[in-house]
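Just below is one structure, and these are the notes that go with it.
Please treat every number below as a calculation from the coordinates, not as lab data. Since the model is a prediction, treat every value here as computed from it, not as a measurement. Virtual Cβ from ideal backbone geometry, glycine too; neighbours counted across all protein chains shown.
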Amino acid sequence: MGALVLFGLEIVIGVVLGVVFAAVGMFFGNICLFESIAVGIILGLVARYAWMLHTGVAWVIAIAAVALLYILQNTSVGFWVVGGLFSAAWALLVALIVYEASGYDKGYAYMSLAIGAVAFMGLHLFARSKQARA
């Protein structure tokens, strides 16, 4: 019986790790698509549970958000606006984590904010160059 439980646990761990590695790979491989899907999921959940809309309507909102954001990020102006805002948001998230982890040291937080902004804008530019080649 114990062997069966351990086998099931190995399968669960493998699936969870697979999903995590796929998400990380998608994040670094095409951050624009990752962000579009993430915002779509969040908007769908907000539409369903905060706004109490029908599940079908929440799905439509989520899918429309993914499509709209992805299309917007493929335009020249939309890329710089949306990509810039998302880069700033990711950099702020990193800075807040570093600020908390460093014992509230503002120097580390500002440095990580600057490095994060450059790194995440670089990821956006990399994703855009991959889309231009495809």
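Some points to look at:
- Listed by number, the DSSP H helices of the chain that run 20 Å or longer by alpha-carbon position along their axis and have mean Kyte hydropathy of at least 0.5 are 2-29, 31-45, 55-73, 76-101.
- Chymotrypsin sites (Phe, Trp or Tyr not before Pro) restricted to DSSP loop in the stretch 74-120 with at most 10 other C-beta within 10 Å: Tyr104
- Length gained on full extension, Leu96 to Val16: 26.1 nm, using 0.36 nm per residue less the C-alpha separation.
- Taking Cα Rg over 2.2 N^0.38 Å as calculated from this structure, the corresponding entry among (1) 1.24; (2) 2.90; (3) 1.32 is (3).
- Lys/Arg +1, Asp/Glu -1 at C-beta; the chain dipole; positive extreme among Gly18, Ile115, Leu4: Ile115
- Three-way shape label, the stretch 1-79, alpha-carbon gyration tensor, a/c 1.5: oblate
- In the elastic network of the chain, a GNM with C-alpha springs shorter than 10 Å, the most mobile of Gly103, Gly83, Gly116 is Gly103.
- Taking every alpha-carbon pair under 8 Å whose residues sit at least 6 apart, the stretch 31-133 reaches a relative contact order of 25 percent.
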